[in-house]
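Derivation of every value follows stated rules applied to the coordinates shown; laboratory data play no part. Since this is a predicted model, take the numbers as computed values, not measurements.
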Amino acid sequence: AAAGALAEREVVLLTDGPGAEALRPGTGLRVLLIGKDGGVKLDRDGPVTPDEITALIDTMPMRRREAD
């Protein structure tokens with residue numbers, strides 16, 4: 001369900017750096033959510049749940065217009 005919600009919101013996951021495929025809490029994980037306008041909407045060290053991401057996206061004006 002979470003994957004579908006992220007896909008619906010056009011979320012793209014990018015990873016970078018050595019061992020990026022195996023990132024776990026405490027290993028330097030950093031999450032950036034960048035809006036379609038190019039602005040940083042979330043910058044957090046450590047994991048973020050899909051629900052947190054979708055909830056934040058749903059508060060954005062562009063998303064509200066898309067949902068109408």
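A compact table of results
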quantity: LEU42 long-range amide H proximity, modeled H, under 5 Å; calculated: LEU33
quantity: Length gained when the stretch THR15-LEU56 is fully extended (0.36 nm per residue, less Cα-Cα span); calculated: 12.7 nm
quantity: Phi-based couplings in Hz for the range 55-61 (Karplus 6.51, -1.76, 1.60; Gly and Pro marked x); calculated: 5, 5, 4, 5, 8, 6, x
